[in-house]
Amino acid sequence: MSKKRIKIDFKSPDDAVKLNYFKNEVEFSEDKNFIITVDGTKDDYIVSNRLWMSNKHREYPEMKNKLSIDANNETERLTLMQDLIDGFCEKYTLDFSSREDLLELYRRNVEPIPNPAPHVLGACRIGMKCGEGIFDFIYADFDSIYEKLRNKEYVIKYPDAKGNGQLEKFYNQYAHYCNTLYNYGELFASSLYTYICPPVFGNQIDHKRTLQYYMLQLKYWQDVYLDLFEFCYDENYHPEVLGGLCPHERYNIYCIMQDLPVSHILKNKHSIVHNKLSGEKMPYGLSEAEINKRFSAEVKMTKELKRFAKDYEFEPEILKTLIQMPHYIHICYDFSTVEEMLNLEFMRLLELDLRFIKCQRCGKYFLRKTEKDARYCDRIQPGTNKTCKDLAAIDNFKEKNKDNIPLQIYNLYYKRYVARIQGSSERERQFNEWKYKSSAKRIECEQGVITPYEYDDWNFEYFPNRKGTKFFKDKK
Ligand SMILES: [Zn+2]
């Protein structure tokens, strides 16, 4: 079968989808970690504030209407949001402090607002290990939720504002985004990257077809990255051809053979900020003690300061705040789409020259930590509270004891006799006595002092009036 990938033209039907609505950031640290800062400007309180200011400090009526629609099913909405937050908290380290600061500022200066709907990760900082995000995406189960949503009627919860001005356009895009999230949020929440890069569907489009198109795209990127992991990292993948090469060299060959570009222009951003630290030392950050010191040292409104501000025709109060507040250099990459973030993370993996292997239990790739690392991953398997590593150890134990006849005899009677107890403390005492004696006999049996047949008989006759058969009933 040809391994040549067929390119799909992802021009959306009728240009019905906007894929780059969110403006997120990612910063990579020296170690194998990175931090994502989710766009914090796509929430009710920020949008509402922007509309309020642009509308000459008057309330924007459509926004007021939206908030009153939301107030109607507040409890249901809050439960849904809490479930989403819990789900993400289970997987990632989330820092909500910037989000809370923004909200606090808004509540203090503008108006009480119930909650920063509709996105639960707006302005959130997410700490991750390299590889984690890609794996979360490629192994996400989009299909089952798509099946659930595909035939549902698309609900337009927030109607468009009338008119064609800048404010209306701005509001309508936000309303479309909220509608998309209301209808398909569950699908986006299947993976972190689809959730923090949510698409925006228009109101007057064929939603079924557009959703299908969006799914096609997700599946395409899942396939591409699975392919890439196999090609660049799997040591069992054509070792006679690719064996001696580094992951980035294998990547180069893959791209050339698949007509994909080997160079990528990444959106690197250099800024000076007051709210993001990328270290404990200037210019990238300060320790907590030093930050507190800066804040507690009062900057006085001196004559010199006033004169200085006047020379620059600048507000002295603002200048005072700027002097007081510590600022840091912040270097990051911008991304808006799932595709961009996958690419950024994959490039970083190549730079770090990490090694991944395929779990021999679930078949998913995971980071190899040492040269002779275990063959099983740390993923909790569905329906259990055990990882592949745990489950493999259990299987291994079973396999090892497959031929241990005395243990099998013991286990058979253990199951039978433990069932006798039925809440009776007298029977429990008898059971414990049997357990003690039988264990001792089992050792004798293992050492060949007694035969397995004798051990079987002894156990069988221990409790009179028993039900069941002997271990060797059919095995003689
Ligand atoms: Zn596994």
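The values are calculated or read from the model by the stated rules, or taken from the named source; none is laboratory data. On a predicted model such as this, the values are computed, not experimentally measured, just so you know. No Cβ is skipped: glycine too gets one built from the backbone with ideal geometry, and neighbour counts run over all protein chains shown.
Of note:
- Any chance Y365 is modelled with pLDDT of 90 or more, within 22 Å of E230 (Cβ to Cβ) and in contact with a helix residue (DSSP H, G or I) (Cβ under 9 Å, 6 or more places away or on another chain): yes
- Residues that are loosely packed, with under 11 Cβ neighbours inside 10 Å and of a type in the set (F, W, Y) were ranked within segment 384-438; the one that is nearest to the ligand (Cβ to nearest atom) is F397.
- Answer from R348, R375, R361 - the residue that is surrounded by 14 or more Cβ atoms within 10 Å (Cβ to Cβ) and either more than 23 Å from the chain's Cα centre (by Cα) or assigned by TED's automatic domain parsing to the domain that holds Y237 (or both): R375
- The criterion of at least 2 residues that are touching a residue at least 40 places away in the same chain (Cβ under 8 Å) and surrounded by 12 or more Cβ atoms within 10 Å (Cβ to Cβ) is met, among helices (runs of 4 or more DSSP H) falling completely within segment 189-308, by 192-196, 207-233, 247-257.
- Being outside any helix (DSSP H, G or I) and of a type in the set (D, E) is a property that does not hold for E168.
- Selection from segment 130-165 of residues that are among the acidic types (D, E), in a loop (DSSP other than H, G, I, E, B) and in contact (Cβ under 8 Å) with a residue 12 or more places away in the chain: D141, D160
- Filtered residues of segment 385-432 (kept if in a helix (DSSP H, G or I) and of a type in the set (K, R)): K389, K398, K400, K415, R416, R427, R429
- Test: residue in segment 204-216 that is assigned by TED's automatic domain parsing to the domain that holds V26 and closer than 30 Å to Q360 by Cα: yes
- Segment 321-371 - residue that is farther than 19 Å from C130 by Cα and outside any loop (DSSP other than H, G, I, E, B) and, of those, nearest to the ligand (Cβ to nearest atom): H330
- Residue within segment 448-456 that is crowded, with 16+ Cβ neighbours inside 10 Å and within 16 Å of the ligand (Cβ to nearest atom) present: no
- On the stretch given as segment 70-86, residues that are exposed (fewer than 13 other Cβ atoms within 10 Å of the Cβ) and touching a residue at least 24 places away in the same chain (Cβ under 8 Å) total 2.
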